[in-house]
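Below is one structure, written out as structure tokens; the observations come after it.
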Ligand SMILES: [Zn+2]
């Protein structure tokens, strides 16, 4: 007996929450990563884990917001990067 499509959608949405959660903690869109994770979980999970290694952004040590690598100050709280 094949698994009904609705169950597959529910399972996909459930496992898609994991990369969405990881990516959202790194300042990415939760909804976009949820859809991405549900459709391509095998790719989205390692992708979300390696997000912090991407060049071009850094995390503020004071408020946790991500800013561009070249930014001298945090765009959110004004914390000065070293
Ligand atoms: Zn900050």
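The values are calculated or read from the model by the stated rules, or taken from the named source; none is laboratory data. Source: prediction; values computed, not measured. Quick reminder, even Gly has a Cβ in these numbers, built from the backbone with ideal geometry, and neighbours come from all protein chains shown.
Within segment 18-46, no residue that is in the same structural domain as residue 69 (by TED's automatic domain parsing) sits with its Cβ atom under 7 Å from a residue that is surrounded by 19 or more Cβ atoms within 10 Å (Cβ to Cβ) and at pLDDT below 95 at 6+ positions apart or across chains. Annotation note: Cβ proximity below 9 Å between a residue of segment 61-82 that is in contact (Cβ under 8 Å) with a residue 40 or more places away in the chain and a residue that is outside any loop (DSSP other than H, G, I, E, B) and more than 8 Å from the ligand (Cβ to nearest atom) (sequence gap 6+ or interchain) occurs for 66/57; 66/58; 66/59. Give 58, 26 a once-over and let me know the one that is within 16 Å of the ligand (Cβ to nearest atom) and in contact with a helix residue (DSSP H, G or I) (Cβ under 6 Å, 6 or more places away or on another chain). One residue alone meets the criteria, 26.
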